[in-house]
Amino acid sequence: MMKCYKRVAIATLLVLQVIGAHAIDGYDLWLRMPMVTDGTKVTIDNPQIPETGNFDPQFAPIAISRSELNTFLHNTGRDVHLAIDAKAPADDGFTIKYGANRIDIKSASAVGVLYGAYHLLRLQQTGHLPKNGQTIKERPMSKYRLLNHWDNLNGTIERGFAGRSIFWSSKGDIVDENSARIQLYARANASIGINGTVLNNVNASPQMLTSERLDQVRRIARILAPYGIKVYLSVNFASPRALGDVSTADPLDPDVIRWWRNKVKEIYDAIPNFGGFLVKANSEGEPGPQDFGRTHVDGANMLADALKPYGGIVMWRAFVYAADSPDRANQAYDEFMPFDGKFRDNVILQVKNGPVDFQPREPIHPLFFSMKRTKVMPEFQITQEYLGESVHSVYLAPMWKEVTDEIDMSVGVAGVSNVGNSQNWCGNDLIQANWYAYGRLAWNKRLSSKQIADEFVRQTFTKEDQGVQTLTDLMLATHEACVNYMMPMGIHHIFAGGHHYGPEPWYAPRGVRVDWTPPYYHKADAFGMGFDRTTKGSNNVSQYPKKLAKLYNNVNTCPEKYLLWFHHVGWTQKLPCGETLWDRLCHKYDEGVRAAEGFVRTWERLKPYIDEERYEALRVKFDRQAKDAWWWRDACLLYFQTFSKLPFPQDCPPVRHDLQTLMQYHLRMDNYTAAPIDQLPD
Ligand code: GCU
């Protein structure tokens, strides 16, 4: 017991030393707090939790709270009292009572106290310490607040643009070597309320479940547990067969059922606080129950039954689509709606925010409105697979809020992480804001994008009001700009094949599945462009509640941001804004380019507020982002012009590229690295 307390304290110190040792290179994220030893006294008010020694592991978060506040809270002139109190908020919520002489942080759980401690430090860092006599009360809005890591066991990260995995390596076991980093990862997550992490890719290797790998999971879990973070694993549905233990993976086969039960027991024996499984089944070639003539319900419920005795959950992904469907956007709904009400109560359907695939903008996935008798949680992509990777600085909170404002997130939420082992974790100092914003929204979806950006900037870049204002305004403009220079007005999935960095609206090589090629989505022809998902087309609109269906179905009422998502519109058709489709499209692309060029100038204006190292790194990136905006605009407009045969409106600047050259340009890169800036077209 004594040993456990000491371990937490020593490990915390280690993290602090690591922080102290670095220049401003982004490594310490939003936890750049000056260490002050001004004697802030932190007392634990529960007699059953001794001040020192003999610490029960379940109270480890209290030890961390104490050490964090001792080290980083300063000049309040008040002592801090921590208490687990049954009458305090449940669900890891907390109260902070800011009295004249003392601050009380209370929660019904140890982790809740830790969240309260980090909240108090955030208020200090952002200049918002409470007023005398004020009591703050917080309670998370989502129960499961998870990061999903698409990390492969060889250390690569699918759609990761910030280096390699912090958990896995082709070298073998790196848990001990990386323990300080993994602990800082835990600390950063706890500071924003994230309480679970899936350690491996949804395209899961069966090897994940070998005893050797599970031992590594156990050690990672021990680093994360004191910070209130549970580990979860993505599992390959065919694991029993792939590992050679059973001849089938049929979920109704007694040997298979027994295999999973034993495996789950093995996991819980080693990791008592294990969270559960995430499953990508019968999707993009991954195995699943349908391979054995069974259903998603059969598969999910079988795993849920194995996990149930231990309190574990199954997150079953709804990201399914077959190659031959006339509309990929229809498929998850068609496949899962008939199963509503048939899943066990420890199954959660994990649904991407939109019906296709993390595009720069999508309408909300219709399943969020219709699955009434099934637990559902949204999945967002923090890593910028489709938004310029770690090269483009795009602040994603405004995009997520288009969804989170409209749906129930009380069950939980998942975010595909943008974390790798690069020095600044995300490959770009500014997009650390997306990890931060994801956690904050998972905790409280009512926070505004502006408030979250403000908090982030004050904790990372500058506390000077003018700098904060300028940088947050810039951040808030980035998502709309990215949509405009990549795919405005509801255009989607016109990326280069494979890596999804640059534009290739023409990409349609023979032999590639048509639903993996842009023409399937933009449907440009002599008449116009856009996917007809109205009642006269694929009828996707009918998957929405009546009011929305009506709105989307009518070309005159459909919001312009979704126009070409739901309608095939003629080039010369007049839009409600008064312009023709072609002119409007040209103007929207121009708007995107102008905004991206504006970011370069704004960043220059921010120079006095930013340290040299991060200023220069981001200057290079903003510069590239503006060039990419031109590349996108020219490629898309020149290509669509081959169908529209119309001239650019007079006020549009001339193109910088020619279509032939752009079409011959092929960016050579794989799925596991960020775009090489020096090889992109000028
Ligand atoms: C996208 C992405 C894949 C990923 C898949 C998923 O299609 O490109 O790399 O595996 O989503 O979410 O399962």
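When only alpha carbons are used to place a centre, region 439-491 and region 605-620 end up 17 Å from one another.
Using the Cβ-Cβ distance between Asn539 and Thr37 with R0 = 41 Å, the FRET efficiency computed as 1/(1 + (r/R0)^6) comes to roughly 0.05. Extension gain for the segment Tyr520 to Asp79, taken as residue separation times 0.36 nm less the Cα-Cα distance, is 152.4 nm to one decimal.
In square nanometres, what is the average projected area of the Cα convex hull of region 103-198? Present the calculation step by step, with values, prior to reporting the outcome.
Values: hull surface 32.6 nm².
It is 8.1 nm².
List the equivalent ellipsoid semi-axes of the chain in whole Å, largest first, each obtained as the square root of 5λ for an eigenvalue λ of the Cα gyration tensor.
Numbers: eigenvalues 343, 204, 104 Å².
Value: 41, 32, 23 Å, ordered largest first.
Rounded to the nearest 10 degrees, the inclination of helix 296-307 to the longest alpha-carbon principal axis of the chain is 10 degrees.
If R₀ is 60 angstrom, what is the calculated FRET efficiency for the pair Lys450 and Ser247, using the beta carbon separation as r and rounding to 0.05?
Numbers: r = 57 Å, r/R0 = 0.96.
It comes out at approximately 0.55.
Converting phi to 3J(HN,Hα) with the Karplus coefficients 6.51, -1.76 and 1.60 and the offset θ = phi - 60°, region 257-266 yields 4, 5, 4, 5, 4, 5, 5, 5, 4, 4 Hz in sequence order, with x at every glycine or proline.
Select from region 280-368 those trypsin sites (Lys or Arg not before Pro) which occupy a DSSP coil region and have at most 13 other Cβ atoms within 10 Å, ordered by residue number. Could the numbers behind the result be given before it?
Working: sites: Lys280, Arg294, Arg317, Arg328, Lys342, Arg344, Lys352, Arg361; in loops: Lys280, Arg294, Lys342, Arg344, Arg361.
Qualifying residues, ordered by number: none.
The angle separating the long axis of helix 581-605 from the principal Cα axis of greatest extent in the chain is about 40 degrees. Distances between placed amide hydrogens fall under 5 Å for Asn46 paired with Ile84, all partners being 5 or more residues away or on another chain.
Hydrodynamic estimate: the Kirkwood radius of region 237-285 over Cα pairs, inserted into Stokes-Einstein at 20 °C and 1.002 mPa s, corresponds to D of 181 µm²/s.
Rounded to whole Å, give me the distance from the Cα center of region 551-596 to that of region 112-143. Measuring centre to centre over Cα atoms gives 44 Å.
Computed with a 1.4 Å probe on the full set of protein chains, the accessible area for Met141 sits at about 60 Å². With only the Cα atoms considered, region 364-418 has a convex hull volume of 79 Å³ per residue.
For Ala108, neighbours were defined as the other residues whose beta-carbon sits under 13 Å from its Cβ, and their charges (Lys and Arg +1, Asp and Glu -1) total 0.
Between 0 and 90 degrees, the angle of helix 110-125 with respect to the longest Cα principal axis of the chain falls at about 70 degrees. Shown here for region 113-181: trypsin sites (Lys or Arg not before Pro) in loop regions (DSSP other than H, G, I, E, B) with at most 14 other Cβ atoms within 10 Å, namely Lys131, Lys171.
Using the Kirkwood radius over Cα pairs, work out the Stokes-Einstein diffusion coefficient for region 309-408 at 37 °C and 0.692 mPa s, in µm²/s as a whole number. Please list the in-between numbers first.
Details: Rh = 14.7 Å.
Estimated diffusion coefficient is 223 µm²/s.
Take His365: with every protein chain present and a 1.4 Å probe, its accessible area is about 10 Å².
Quick one: grab the alpha carbon gyration tensor of region 332-391, order the square roots of its eigenvalues as a ≥ b ≥ c, and give me rounded if a/c is under 1.5, else prolate or oblate depending on whether a/b is larger than b/c. Please report the intermediate quantities before stating the final value.
Numbers: a/c = 3.45, a/b = 2.17, b/c = 1.60.
In terms of gyration-tensor shape, prolate.
Taking the Cα centre of the chain as origin, work out the dipole magnitude from +1 charges on Lys and Arg Cβ and -1 charges on Asp and Glu Cβ, in debye rounded to 20. Don't skip to the end; give the middle numbers.
Working: 76 positive and 76 negative charges, 321 e Å.
In total the dipole reaches around 1540 debye.
Once backbone amide H atoms are built at 1.01 Å from N, Asn148 has Val198, Gly415, Val416, Ser417 as its partners under 5 Å, excluding neighbours fewer than 5 places away on the same chain.
Once Rh is set to the Kirkwood radius over Cα pairs, what Stokes-Einstein translational diffusion coefficient, in µm²/s, holds for region 207-341 at a temperature of 20 °C and a viscosity of 1.002 mPa s? Translational D for this selection: 136 µm²/s.
Under the simplified labelling scheme, the Asn203-Arg605 pair shows an inter-label distance of 4.3 nm, with each label point 7 Å from Cα along Cα→Cβ.
A dipole drawn for region 560-618 from +1 and -1 charges on Cβ atoms has a positive end, and of Leu606, Tyr589, Gly578 the residue lying farthest that way is Gly578.
For Thr580, the residues whose modelled amide H falls within less than 5 Å of its own, excluding neighbours fewer than 5 places apart on the same chain, are Leu575. Label separation (Asp623 vs Glu158): 3.6 nm, computed from points 7 Å beyond Cα along the C-beta direction. Eigenvalues of the alpha-carbon gyration tensor of region 606-682, scaled by 5 and square-rooted, set the equivalent ellipsoid semi-axes at 30, 19, 8 angstrom, largest first.
Run the helix sum for the chain: -39,500 (n - 2.57) per DSSP H stretch of 4+ residues, divided by residue count, reported at 222 nm to the nearest 500 deg cm²/dmol. Let's see the in-between values first.
Working: 20 runs with 254 residues, N = 682.
Value at 222 nm, helices only: -11500 deg cm²/dmol.
How large a share of the accessible area of the chain, in percent, is made up of carbon and sulfur atoms when the probe is 1.4 Å and the other protein chains stay in place?
Details: 12720 of 25130 Å².
Carbon and sulfur together cover 51 percent of it.
Spatially close Lys pairs in region 424-560, defined by Cα atoms under 26 Å apart and a spacing of eight or more places or different chains, total 9. Of the whole protein surface, Tyr485 contributes about 0 Å² of accessible area at a 1.4 Å probe radius.
Surface exposure of the chain, expressed per residue as accessible area with a 1.4 Å probe, stands at 37 Å².
Given contacts defined as C-alpha pairs under 8 Å and at least six residues apart, what's the relative contact order of the chain, whole-number percent?
Computed over the chain, the figure is 12 percent.
The values are calculated or read from the model by the stated rules, or taken from the named source; none is laboratory data. If you're wondering where the values come from, they're calculated on a predicted model, not measured in any experiment. All Cβ positions, glycine included, derive from the backbone under ideal geometry; neighbour counts span all protein chains shown. With ligands, DNA and RNA removed, areas are computed over all heavy atoms of the protein, side chains included. Shrake-Rupley method; radii C 1.70, N 1.55, O 1.52, S 1.80 Å.
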